[in-house]
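I have a structure here, written as structure tokens, and I will follow up with some questions on it.
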Amino acid sequence: MKKRTEEILKRLDEAYGTELPLFLHYQEPWQLLFATIMSAQCTDARVNEVTAYLFKKYPTLKAFADADLAELEEDVRPTGFFHNKAKNIKASAKRLIDVYGGEVPRDLDDLLTLPGVGRKTANLIRGHIFHDPAIVVDTHVGRLSRRLGFTTEKDPKKVEFDLMKELPKNHWIIINTQLITLGRTVCKSQSPKCQECFLSDLCTSHGDIR
């Protein structure tokens, strides 16, 4: 590992810790799956508001699988893109019951067969539910990875593979939470606070944010 990368990870660990906090609320693995599907183009806070009600109304996978689609659409409407999200959640619930015995699968390829599940969601499940080394690339991780010089790619899958080469496995899932926190508080998309950033002297984009 490059010394610069090692120092970046050391400072991130010191600033944000090495635990695996998750911003989405859940109790069962399938609840995290559905919450993550709803989180696309939506804030975690809004998703948590919706799931607080949703997981009481639909307390089991079967309840989601049997849900009236139009009614489910209204239930998830506050998260945006509710037609697709409701359809994918209902279809995923049915597939989890029919194919996986009501259990969320661990294998990446199996997870990717679930409607509405891409690599971001699948890797989040693998990392937080099964504690498998996995890198979750969302908008914050992609943006900060480019600014820090870990990658020049914009495609999330290519960013993921570049980070797999750059970072040790023990930081694969942790880096997501750390960079989200840094991205929300300091290294913002439009107005990054470079003068406040504890990584400014190591950042390849410092003074030249695009």
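We did not get these values from a lab; they are worked out from the coordinates using the rules stated. Since the model is a prediction, treat every value here as computed from it, not as a measurement. Note that each Cβ is placed from the backbone with ideal geometry, even for glycine, and that neighbours are counted across all protein chains shown.
Taking the Cα atoms only, what angle lies between the long axis of helix 119-128 and the longest principal axis of the chain, rounded to 10 degrees?
Helix 119-128 sits at roughly 90 degrees to that axis.
Between V99 and N170, with labels modelled 7 Å along Cα→Cβ, what's the label distance in nm to one decimal, could you check?
3.6 nm
What trypsin sites (Lys or Arg not before Pro) in region 107-202 are in a loop by DSSP, with at most 14 other Cβ atoms within 10 Å of the Cβ?
Listed in order of number, the matching sites are K154, K188, K193.
At 222 nm, what helix-only mean residue ellipticity would the chain give, in deg cm²/dmol to the nearest 500, using -39500 (n - 2.57) for each DSSP H run of four or more?
Values: 11 runs with 116 residues, N = 210.
That comes out to -16500 deg cm²/dmol.
Can you give the angle from 0 to 90° between the axis of helix 82-100 and the longest principal axis of the chain, with both taken from C-alpha atoms, to the nearest 10?
So the helix axis and the longest Cα principal axis differ by about 80 degrees.
List the equivalent ellipsoid semi-axes of region 29-128 in whole Å, largest first, each obtained as the square root of 5λ for an eigenvalue λ of the Cα gyration tensor.
On the way: eigenvalues 74, 49, 26 Å².
Semi-axis lengths for region 29-128 are 19, 16, 12 Å.
Lysine pairs in region 1-102 8 or more apart or on different chains: how many have alpha carbons under 25 angstrom apart?
14
In whole Hz, what ³J(HN,Hα) sequence does region 164-178 give by Karplus (6.51, -1.76, 1.60; θ = phi - 60°), x for Gly and Pro?
These are the phi-based 3J(HN,Hα) values: 4, 6, 7, 10, x, 4, 6, 10, 4, 7, 5, 4, 4, 5, 5 Hz.
Can you classify region 74-151 as rounded, prolate or oblate using the Cα gyration tensor, where a ≥ b ≥ c are the square roots of its eigenvalues, rounded means a/c under 1.5, and otherwise it's prolate if a/b beats b/c and oblate if not?
The shape class here is oblate.
Among the trypsin sites (Lys or Arg not before Pro) within region 1-79, which fall in a DSSP loop and have no more than 11 other Cβ atoms within 10 Å of their own Cβ?
K2
Once you put a point 7 Å from the Cα of D109 and another 7 Å from the Cα of S189, both along the Cβ direction, what distance in nm separates them?
Result for the modelled spin labels: 3.5 nm.
Net charge near P29, counting Lys/Arg +1 and Asp/Glu -1 over other residues with Cβ under 12 Å of its Cβ?
On the way: positive: R106, R126; negative: E28, E103.
Here the count lands on 0.
Separate question: How far is helix 3-16 tilted off the main Cα axis of the chain, in degrees rounded to 10, range 0 to 90?
Once rounded, the angle reads 60 degrees.
Of the options H25, S191, N176, report the single residue whose Cα projects farthest towards the positive end of the charge dipole of the chain (beta-carbon charges: Lys, Arg +1; Asp, Glu -1).
Among H25, S191, N176, the one farthest towards the positive end of the dipole of the chain is S191.
What GluC sites (Glu not before Pro) does region 5-106 have in DSSP loop regions with at most 15 other beta carbons within 10 Å?
E19, E103
Where the centre of each part is set by its Cα atoms, how far does region 143-210 sit from region 19-85, in angstrom?
Their Cα centres are 28 Å away from one another.
With N residues in the chain, what two-decimal value do you get for its Cα radius of gyration over 2.2 N^0.38 Å?
Normalised by 2.2 N^0.38 Å, the Cα Rg of the chain equals 1.08.
Normalised by the number of residues in the chain, what is the relative contact order in percent for Cα pairs under 8 Å and 6+ residues apart?
Relative CO of the chain lands at 19 percent.
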